[in-house]
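Right, one structure below, let's go through it.
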Amino acid sequence: MELVAGIRFDPSVVWEFLFDDVILQGARETIWIAVIAQLIGIFLGVVFAVMRVSKNPVARGTSGFYVWFVRGTPVLLQLLLVSFGLRQMIDNELFRELLTRWRAAVITFSVNEGAYMTEIVRAGIQAVPAGQMDAARSLGMTNLQAMRRVILPQALRVIIPPTGNEFIAMLKNTSIAFAIGVLELSSAARRIYADNFKVMELLVVAAIWYLAMTTVFSLLQAEAEAWASGDRERPKTLGSRLVKALVPGGRER
């Protein structure tokens, strides 16, 4: 009974700050950083995956080193290297002005995500039967044309599910950007509870927003997977069920 009596948690504080301007700004920054970094990471992943399966030893070695280094070091260390290490190493005022904390976070998460996307895309490429490349070459396509027009479209079924998982992980990983002073969701909550000392309540607010964001993007991931599976095999996802329930005349795809 003494333990229960000693618990201090005010639910009204959670509701009070759930839509606070600072929290909403942090949530927006979290989404922006994650979306931009994921898009750049996908681009890097495709480029380095193609290099990884190339017959050129220089291209394979460069891609392998990139994946080895990025996956072998913590993302927090990479964030500090980009934000503080580069500032110290490159003694240029213009460079320091351009490399803002927000841009440093985007660059770091993009490069980090690119290494993981490289392995995902490589697995997708290797999942396509080798005869597809030979067939494309027999039609007069170059290796890059065959990769772009034939191999990568077929690899989407393998690439999309782990890519969705990577993006959801990205949303949560942005929380470490507080280490360089970026105002994302967790640091927004930290800024508020540093003033009112309502630590647990503000952490719950942050948790609610993270859960809301990951839930929405999980539904979008399910829709993307359903789309990639093709019309004949497309399952009835929760998203399509919601469309049918909420939109008059809506049909499950």
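The values are calculated or read from the model by the stated rules, or taken from the named source; none is laboratory data. Owing to the predicted nature of the structure, the values given are computational and were not obtained by experimental measurement. Note: ideal-geometry Cβ built from the backbone for every residue, glycine included; neighbour counts use all protein chains shown. Side chains are part of the model used for accessible areas, which takes the heavy atoms of the whole protein and leaves out ligands, DNA and RNA. Shrake-Rupley method; radii C 1.70, N 1.55, O 1.52, S 1.80 Å.
A few notes on this one:
- Of the residues 182, 158, 204, the single one that is closer than 23 Å to residue 34 by Cα and open to solvent by less than 30 Å² (accessible area, probe 1.4 Å) is 182.
- The residue of segment 87-116 that is nearest to residue 162 (Cα to Cα), among those that are open to solvent by 50 Å² or more (accessible area, probe 1.4 Å) and touching a Lys or Arg at 6+ places or on another chain (Cβ under 9 Å), is 116.
- Pairs with Cβ under 7 Å, 6+ apart, first in segment 15-38 and more than 11 Å from residue 183 (Cβ to Cβ), second surrounded by 14 or more Cβ atoms within 10 Å (Cβ to Cβ) and among the aromatic types (Phe, Trp, Tyr): 34/167; 37/109; 38/167
- Qualifying position, being at pLDDT 90 or above, aliphatic (A, V, I, L, M), in contact with a helix residue (DSSP H, G or I) (Cβ under 8 Å, 6 or more places away or on another chain) and closer than 19 Å to residue 31 by Cβ, among 206, 179: 206
- Condition check for residue 125: free of Cβ contacts under 8 Å to residues at least 40 places away in the same chain, touching a Leu at 6+ places or on another chain (Cβ under 9 Å) and either surrounded by 19 or more Cβ atoms within 10 Å (Cβ to Cβ) or not in a helix (DSSP H, G or I) (or both): no
- Flag if residue 193 is farther than 25 Å from residue 78 by Cβ, of a type in the set (Phe, Trp, Tyr) and in a helix (DSSP H, G or I): yes
- Any chance residue 159 is touching a Gly at 6+ places or on another chain (Cβ under 8 Å), within 25 Å of residue 73 (Cα to Cα), part of a helix (DSSP H, G or I) and at pLDDT below 90: yes
- Any chance residue 59 is in contact (Cβ under 8 Å) with a residue 24 or more places away in the chain and in a helix (DSSP H, G or I): no
- Conditions (1) of a type in the set (Gly, Ala, Ser); (2) closer than 27 Å to residue 211 by Cα; (3) exposed (fewer than 11 other Cβ atoms within 10 Å of the Cβ): number failed by residue 34: (3)
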